Amino acid sequence: MTRYPRVRVTDTGPGISEKEREAVLRRFYRSDRMRNTPGVGLGLSLVAAIIKLHGFRLIVHPGPGGRIEIVCPGKSNGANLPQR
């Protein structure tokens, strides 16, 4: 099994249900329980677009609290980083 660098982001919110994992990546999607909180539903759709552009993978985990992982396959030795 190949291990790739990952970025994990978690919060203490209500979490994302298994049935909503795909929906939360659509533009302007707001779950029923979040409709009365500030925001327009663009955050994860923008993240998903950027991740796709770079050939990375986004994993939305179910459960209490939000847990998102970005898997970054490819060169992990810094070869893709800009030179200073």
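The values are calculated or read from the model by the stated rules, or taken from the named source; none is laboratory data. Keep in mind it's a predicted model, so treat the numbers as computed, not measured. FYI the Cβ positions are ideal-geometry reconstructions off the backbone, even for glycines, and counts take in every protein chain you see. Surface accessibility is based on the protein's heavy atoms, side chains included, excluding ligands, DNA and RNA. Shrake-Rupley method; radii C 1.70, N 1.55, O 1.52, S 1.80 Å.
If you go through segment 57-84 and keep only what is over 16 Å from Pro14 (Cα atoms) and modelled with pLDDT of 80 or more, you end up with Arg57, Leu58, Ile59, Glu69, Ile70, Val71, Cys72, Pro73. On the stretch given as segment 8-21, residues that are surrounded by fewer than 10 Cβ atoms within 10 Å (Cβ to Cβ) and in a loop (DSSP other than H, G, I, E, B) total 1. Comparison of Arg30, Arg35 shows that the only residue that is farther than 25 Å from Pro5 by Cα and open to solvent by less than 50 Å² (accessible area, probe 1.4 Å) is Arg30. Within segment 20-39, residues that are touching a residue at least 12 places away in the same chain (Cβ under 8 Å) and on the phi > 0 side of the Ramachandran plot reach partners that are of a type outside the set (Lys, Arg) and open to solvent by 60 Å² or more (accessible area, probe 1.4 Å) with beta carbons closer than 8 Å, at six or more positions or on different chains, in the pairs Phe28/Val40. Restricting to segment 25-56, name every residue that is β-branched (Val, Ile, Thr) and modelled with pLDDT of 85 or more. Hits for segment 25-56 are Val47, Ile50, Ile51.
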